[in-house]
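Take a look at the structure set out below.
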Amino acid sequence: MDHSADEKEKIIMKDFLATPIFGVLLSIVCYEAGIIIQRRWRHPMLNPLLLAMVFVILILTVFDIPKETYDLGGSYILFLLGPATVVMAVPLYRQINLLKKDWLPILVGIFAGSATSVLSVIGLAKVFHVDLEIAVSMLPKSVTTAIGMEISKEVGGVVSLTVAVIVLTGILGAVIGPFILKVLGIKDEVAQGVAMGTAAHAVGTSKAMELGETQGAMSGLSIGIAGLATVLIIPLLIGLLG
Amino acid sequence: MKLLRQLAWVLFVLFLGELLRVFLGISIPGTVIGMILLFLLLLSGLLKLEQVADISNFLLDHLAFFFVPAGVGLMANFQVIKEAWVPILSIIGISTVLVMGVTGWTIQLMKKRKSS
């Protein structure tokens with residue numbers, strides 16, 4: 001009898017949670033908790049996005065709530081990534097003078113960086129003896145999720161793994177980016193921004209915006225161009241994986 | 001009302017982007033085409049900055065938050081990641097440092113050469 005009461009309670013809870021409100025609210029609460037924790041301890045590893053992901057996953061796992069229930073609300077948030085990508089044109093427009101002045105170094109830098117990303121994944125996948133399927137899924141790791149998913153589909157990767165790798169790359173780039181720029185002696189504001197955006201897409205851009213408006217704008221403009229560059233580069237280099 | 005109208009402009013541009021993607025049959029996502037379109041609209045003055053400024057600030061200020069559901073998608077790949085997390089994280093880490101270095105140095109070098 002205990003068992004069936006337990007089951008019944010579970011079904012009631014799932015019905016109760018099966019509205020978009022749950023996923024949206026849980027995401028916001030977990031993200032806000034992440035921001036509070038970061039403000040309190042100020043360690044770069046305490047990235048609010050990373051913390052929010054961990055909290056949501058923990059809560060879903062502990063209370064045995066299916067991911068589909070969460071996704072009812074999660075998909076509303078994911079939808080906003082579309083308009084958010086479009087308005088990345090705004091900081092770019094605000095920085096039009098910087099772009100006009102340095103368009104050639106910016107373009108060459110982004111193409112060199114995107115080629116480095118693809119080549120290093122191919123090379124390192126061989127060094128670490130990673131399965132071909134994982135390696136292919138990792139190829140678009142530095143581009144924004146929307147573009148990366150399309151690339152992954154095209155080259156036969158596992159799309160959800162690609163999304164995971166893209167998010168991890170973004171978080172890592174945002175967390176270690178400012179430190180890496182310092183160590184490598186990259187002081188130029190334009191170079192800093194483009195490096196963040198090319199290596200770590202929109203998550204890197206959210207960090208670049210904290211470094212300064214120029215860095216933020218340059219990072220934002222790099223996302224789209226790096227995506228285009230990667231779309232063009234992968235077909236040329238994918239043969240090296242075989 | 002202001003925000004709603006601004007959101008409508010952004011969604012309209014995004015819609016055009018998706019439409020162009022389908023008609024041109026290219027594998028560039030509609031969101032990126034939308035970004036290029038919005039940039040051109042602002043440059044040409046057909047759309048004023050004030051017509052999208054507030055909604056842009058809202059969306060860009062919360063950019064990292066919009067990735068939370070995508071990140072939770074990691075759950076679906078626990079098995080693969082559990083078995084290969086060392087190489088996956090190593091590749092991501094090393095590659096990220098390389099990309100930042102190559103991109104940053106290239107731009108810094110080219111800018112220096114131009115100015116000297």
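No value in this document is a laboratory result; all are computed from the given coordinates. These figures come from a predicted structure and were not determined experimentally. Don't worry about glycine lacking a Cβ; one is built from the backbone with ideal geometry, like all the others, and counts go over all protein chains shown.
You can think of it this way: the chain between B:PHE12 and B:PHE78 has 20.0 nm of extra reach, that is 0.36 nm per residue less the Cα-Cα gap.
In the protein assembly as shown, the convex hull through the Cα atoms has an average projected area of 20.3 nm², a quarter of its surface area.
Comparing A:VAL86, A:VAL155, A:VAL190 in a Gaussian network model of chain A where C-alpha atoms under 10 Å apart are linked, the largest mean-square fluctuation is found at A:VAL86. Just checking the listed ones, A:GLY123, A:GLY204, A:GLY170: in the Gaussian network model of chain A with Cα springs under 10 Å, the one fluctuating most is A:GLY123.
Rounded to the nearest 0.05, the FRET efficiency derived from the C-beta distance between A:LYS187 and B:PHE23 at R0 = 45 Å is 0.50.
Between 0 and 90 degrees, the angle of helix B:30-44 with respect to the longest Cα principal axis of chain B falls at about 50 degrees.
The range A:200-242 gives an Rg/Rh value of 1.19, both radii derived from C-alpha positions and Rh following Kirkwood. With the charge dipole of chain A set up from +1 on Lys and Arg Cβ and -1 on Asp and Glu Cβ about the Cα centre, the Cα lying farthest toward the positive end among the listed residues A:MET149, A:VAL203, A:SER75 is that of A:VAL203.
Sparsely packed loop sites in the range A:127-228 (the trypsin sites (Lys or Arg not before Pro) outside DSSP H, G, I, E and B with at most 16 other Cβ atoms within 10 Å) comprise A:LYS187. Of the chymotrypsin sites (Phe, Trp or Tyr not before Pro) found in the range A:49-79, those in coil by DSSP whose Cβ has at most 16 other Cβ atoms within 10 Å are A:PHE63. In this structure, the residue pairs whose Cα-Cα separation is over 20 Å, taken from A:LYS207/B:LYS82; A:LYS182/B:LYS112; A:LYS100/A:LYS182; A:LYS187/A:LYS207; A:LYS100/B:LYS112, are A:LYS207/B:LYS82; A:LYS100/A:LYS182. Computed from Cα atoms, the angle from the helix A:67-79 axis to the main principal axis of chain A rounds to 40 degrees. GNM, chain B, Cα, under 10 Å: largest mean-square fluctuation among B:ILE33, B:ILE88, B:ILE55? Fluctuation is largest for B:ILE88. From its DSSP helices (H runs of at least four residues, each -39,500 (n - 2.57)), the protein assembly as shown gives a residue-normalised ellipticity at 222 nm of -27000 deg cm²/dmol. Helix B:78-115 axis versus longest C-alpha principal axis of chain B: approximately 60°, rounded to the nearest ten.
Spacing of the modelled spin labels on A:TRP103 and A:LEU25, each 7 Å from Cα toward Cβ, amounts to 5.1 nm. Under the criterion of Cα pairs below 8 Å and six or more residues apart, the relative contact order for the range B:1-61 equals 38 percent.
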